[in-house]
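Here's the structure, in structure tokens; my notes come after.
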Amino acid sequence: MPGYEIIERSSLKSYNQDGIEEYENKIGFIDFLREIKNEANDLPPLSSYMVIGIDDVLYFTDLKDRHSVARKIHNILQAGASSLERKRIQVQIVCKGKLKKGETLWIEYRGEKLDLELIFGSTSKHSYRGIGKYMTGFNLSS
């Protein structure tokens, strides 16, 4: 099932010999959002992307604005869901911080708790060689 695979950078093969294979195309989070807003027109079908920088986008957003920024990101991703599904694109969201799942999914990054649940909705945890990753479809729950 296509969707978002949310993982820690330390879980990647380049950091851990038993780690998760990195997707071939590396793109920054803001650039990825720009592609989605363009209905993924420039993303070739059956391509795969390692998207980096979500931690920094959230961290450098004023604390008072994080909730609204996360909702805007959610809306952009939700609007692009059908384009990504139609093209069968694979997406890894790579986090520099530590992923934590309690009542919600969040990143512990630079001493702050950055909420991912507002962006990706409900996720399910999967394991690959003992390495945890979180999955959700492109049609994000609200």
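Values quoted throughout were computed directly from the atomic coordinates according to the rules given, and no laboratory measurement underlies them. Owing to the predicted nature of the structure, the values given are computational and were not obtained by experimental measurement. Here Cβ is always computed from backbone atoms with ideal geometry, including for glycine, and neighbour counts include all displayed protein chains.
Taking a threshold of 24 Å on the Cα-Cα distance, which of the pairs Lys37/Lys113; Lys26/Lys133; Lys72/Lys113; Lys13/Lys100; Lys37/Lys98; Lys26/Lys96 fall above it?
Violating the 24 Å Cα-Cα cut-off are Lys37/Lys113; Lys37/Lys98.
Please report, in debye to the nearest 20, how large the charge dipole of the chain is about its Cα centre when each Lys and Arg carries +1 at its beta carbon and each Asp and Glu carries -1 there.
180
With only alpha-carbon atoms in the gyration tensor, what are the semi-axes of the equivalent ellipsoid for segment 14-90, in Å, largest first?
Values for segment 14-90, descending: 23, 20, 9 Å.
Identify, among Asn16, Ile89, Asn41, the residue whose Cα sits farthest towards the positive end of the charge dipole of the chain, taking +1 on the Cβ of Lys and Arg and -1 on the Cβ of Asp and Glu, with the dipole about the Cα centre.
Asn16
When the convex hull of the C-alpha atoms of segment 53-141 is computed, what volume per residue in Å³ does it have?
103
Top mean-square fluctuation among Ser47, Ser11, Ser127, Gaussian network model of the chain, C-alpha springs under 10 Å?
Comparing Ser47, Ser11, Ser127 in a Gaussian network model of the chain, the most mobile one is Ser127.
Below 8 Å between Cα atoms, with a sequence gap of 6+, how large is the relative contact order for segment 50-142 in percent?
Relative contact order here is 29 percent.
What number, rounded to the nearest 500 deg cm²/dmol, is the helix-based mean residue ellipticity at 222 nm of the chain, given -39500 (n - 2.57) per DSSP H run of at least four residues and division by all its residues?
-7500 deg cm²/dmol
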